Amino acid sequence: MTDPILENLNPKQLQAVKTTEGYVRVIAGAGSGKTKALTSRFAYIVDRLGINSSNILCVTFTNKAAQEMKKRVKALIGDLYDVCFITTYHGFCVRFLREEINKIHYPKNFIILDAEDQKTILRDVFTELDINSKNLTFKQVLRFISKQKSTSDYLGYMLDNKSFQDDEKDSLSSRVYQKYLDKQKRNYALDFDDLIHFTAFILDSNEDVLSKWQEMMHYIQVDEAQDSSDSQFHLVETLSRVHQNLFLVGDPDQTIYEWRGAKPEYLVEFDRMFPDTKTIIMNQNYRSTPNILKVGNHIIKNNKVRVDKDMVTENPEGVEVVHFHGKNDFEETLWVASEIKEILKTENASYTDITILYRSNHLSRNIEQALIKENIPYAIFGGVRFFERKEIKDVLSFLRLIVQGDNFSFLRMFNHPSRGLGKKFLERLSFLMTEQNLSLLDALQPQY
């Protein structure tokens, strides 16, 4: 009889699942079945070791990933188990704070601010300081606030009955930040950065709370550990100190969030922090061909912060991989366009057989320009064409209005941003335009 929890696991995955005690580090390369190993291990600890599922914390970075893991665990052990601690960092912190935030004299029904709520606060602050987006953008301020909260002892201010003293020497960003904190305090509101900072503060300053949660968390699993920040790693490491069962899985070669505080060093140097660490390398890839992996392995070896590994696969060789290193964006996208033409000519292919993948939406501009230049039709999926984006059309309308003064551009831009010009204004202007045989823009000019 097959074991549903352990069947279809390769030797390295099986080792990761059965290595349940102590500090464990799994270096799981791309396409190596990381989620399968994580969920099978969770199910194994519950079903084979008899540990209550509410005593296992499994943290990941997105709600989508957490939901997928819950679904897989339930498929292995059934629906009767509590899997609420398969969650995101923020999800765990919300649950913790709903139970413990009264320790710092905050109500348990505190408000959680989303991005729109933060912008609402900033609108009030901007009005109070008589500033607008020409001085600072919300995006700049929110980035500044997040950075300040990760590098300064702002909690001391938030939890004491203090106010900032106005100081003209403070930067504009600092003044906005101070008023933002004041409004948070007044409304017992926490943003996403606060959730983990408040959680860590309560654990660090309340021995009884710390002991309670350390005793509760018998096993801790961390998904995508290479993307853990200082505060996130501090949280899971602190909670693991009693039972000392901390399982990290990730791949330093897949780190993409260092710009927002990720520290792959925690995964890379985990065995130095905990000398008894067991390291397992999951390097069998199920997604790619050997030809793709050869290129990937060759490039990845140049990474400096990593644990050495080579990905392997049992898949067929597949087609040859071509790598082109353009000197600049223009050269790169021109090469892509010329390759498309060559494929159409030599492979009896059609345009719909070809896909271009890129990392971020803002990168589409150069590709689109090259395709337009070479008269290659295209469609964008999951986004908007660069020249059809609202902000781009607005700018182009402004430029066209300056150069040509046409009515279409005028109608798009005359009240954008809002200048309080309504329907009556446009009716009157249209009347003058018709009466004097002018464009709408010229009709605005004084006539002598």
Checklist line | Where a residue in region 210-238 is within 22 Å of Thr279 (Cα to Cα) and outside any helix (DSSP H, G or I) and its partner, wherever it lies, is open to solvent by less than 10 Å² (accessible area, probe 1.4 Å) and charged (D, E, K, R), with Cβ under 9 Å and at least six apart | finding: Tyr219/Arg41; Gln221/Arg41; Glu224/Asp251
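Residue by residue, here is whether (1) touching a His at 6+ places or on another chain (Cβ under 9 Å); (2) in a loop (DSSP other than H, G, I, E, B); (3) touching a residue at least 40 places away in the same chain (Cβ under 8 Å) holds:
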site	(1), (2), (3)
Asp271	no, no, yes
Tyr286	no, yes, yes
Asn297	no, no, no
Asn302	no, yes, no
Lys309	no, yes, yes
Val321	no, yes, no
Ser338	no, no, no
Lys345	no, no, no
Item checked: So Asp251, is it open to solvent by 60 Å² or more (accessible area, probe 1.4 Å) and among the acidic types (Asp, Glu) -> no
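Per-residue answers, yes or no, for (1) over 25 Å from Asn132 (Cα atoms); (2) exposed (fewer than 14 other Cβ atoms within 10 Å of the Cβ); (3) at pLDDT below 75:
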position: Gln404; (1), (2), (3): yes, yes, no
position: Ser409; (1), (2), (3): yes, no, no
position: Glu427; (1), (2), (3): yes, yes, no
position: Leu440; (1), (2), (3): yes, no, no
position: Gln447; (1), (2), (3): yes, yes, yes
Next item on the list: Would you tally the residues in region 295-338 being over 26 Å from Gly33 (Cβ atoms) and not small (Gly, Ala, Ser)?
Entry: 16
Notebook entry, point to check: Hey, among the residues in region 301-328 that are aliphatic (A, V, I, L, M) and within 24 Å of Glu339 (Cβ to Cβ), which one's most open to solvent (accessible area, probe 1.4 Å)?
Noted result: Val319
Check: Has region 147-157 got at least one residue that is surrounded by fewer than 11 Cβ atoms within 10 Å (Cβ to Cβ), of a type in the set (Val, Ile, Thr) and more than 30 Å from Leu6 (Cα to Cα)?
Finding: yes
Next item on the list: For region 385-407, name all the residues that are out of contact with any helix residue (DSSP H, G or I) (no Cβ under 8 Å at 6 or more places or on another chain) and under 25 Å from Glu368 (Cα atoms).
Entry: Glu388, Arg389, Lys390, Glu391, Val395, Leu399, Val403
Item checked: Among the candidates Gly91, Gly33, residue that is under 24 Å from the mean Cα position of the chain (by Cα), modelled with pLDDT of 95 or more, surrounded by 13 or more Cβ atoms within 10 Å (Cβ to Cβ) and more than 22 Å from His243 (Cα to Cα) -> Gly91
Item checked: Evaluation of Glu21 against (1) more than 21 Å from Leu248 (Cα to Cα); (2) acidic (Asp, Glu); (3) at pLDDT 95 or above; (4) not in a helix (DSSP H, G or I) (one fails), failing number -> (1)
Next item on the list: Would you point out the residue of region 278-300, among those that are surrounded by 16 or more Cβ atoms within 10 Å (Cβ to Cβ) and among the hydroxyl-bearing types (Ser, Thr, Tyr), that is farthest from Leu142 (Cα to Cα)?
Entry: Thr289
Check: Looking at Gln244, is it touching a Phe, Trp or Tyr at 6+ places or on another chain (Cβ under 8 Å) and buried (at least 21 other Cβ atoms within 10 Å of the Cβ)?
Finding: no
Item checked: Residue check, Arg287 more than 28 Å from Phe85 (Cβ to Cβ) and out of contact with any Leu (no Cβ under 9 Å at 6 or more places or on another chain) -> yes
Check: Quick one: Ile220 ticks every box in (1) surrounded by fewer than 19 Cβ atoms within 10 Å (Cβ to Cβ); (2) farther than 26 Å from Ser146 by Cα; (3) under 23 Å from the mean Cα position of the chain (by Cα) bar one, so which box is it?
Finding: (1)
Notebook entry, point to check: When residues of region 27-54 are filtered for being closer than 23 Å to Asn283 by Cβ, in a loop (DSSP other than H, G, I, E, B), touching a strand residue (DSSP E or B) at 6+ places or on another chain (Cβ under 8 Å) and of a type outside the set (Ser, Thr, Tyr), how many remain?
Noted result: 2
Checklist line | Output for region 319-369, where each listed residue is under 21 Å from Arg389 (Cβ atoms) and either in contact with a Cys (Cβ under 6 Å, 6 or more places away or on another chain) or of a type in the set (Lys, Arg) (or both) | finding: Arg359, Arg365
Note to self: All but one of (1) open to solvent by less than 60 Å² (accessible area, probe 1.4 Å); (2) without any contact (Cβ under 8 Å) to a residue 60 or more places away in the chain hold for Asp191; state the number of the condition that does not hold.
What the structure shows: (2)
Note to self: Which pairs turn up if I take residues in region 366-387 that are free of Cβ contacts under 8 Å to residues at least 60 places away in the same chain and look for partners that are surrounded by 11 or more Cβ atoms within 10 Å (Cβ to Cβ) and among the basic types (Lys, Arg) with beta carbon separation below 6 Å, at least 6 apart in sequence or on another chain?
What the structure shows: Phe386/Arg365
Item checked: Options Ser211, Ser205; residue that is of a type in the set (S, T, N, Q), open to solvent by 30 Å² or more (accessible area, probe 1.4 Å) and under 20 Å from Asn55 (Cα atoms) -> Ser211
Notebook entry, point to check: Restricted to region 388-429, and to residues that are touching a residue at least 12 places away in the same chain (Cβ under 8 Å) and of a type in the set (D, E, K, R), which residue is nearest to Leu357 (Cα to Cα)?
Noted result: Lys393
Next item on the list: Please give the number of the condition Leu9 fails out of (1) open to solvent by less than 20 Å² (accessible area, probe 1.4 Å); (2) part of a loop (DSSP other than H, G, I, E, B).
Entry: (1)
Margin query: Just the residues that are open to solvent by 40 Å² or more (accessible area, probe 1.4 Å), not aliphatic (A, V, I, L, M) and not in a helix (DSSP H, G or I), please, taken from region 361-387.
Written below: Glu374, Asn375, Pro377, Tyr378, Phe381, Gly382, Arg385
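The values are calculated or read from the model by the stated rules, or taken from the named source; none is laboratory data. Model, not experiment: these values are computed from the prediction. Neighbour counts run over all protein chains shown; Cβ positions are idealised from the backbone, glycine included. These accessible areas exclude ligands, DNA and RNA; they are computed on the full protein's heavy atoms, side chains included. Shrake-Rupley method; radii C 1.70, N 1.55, O 1.52, S 1.80 Å.
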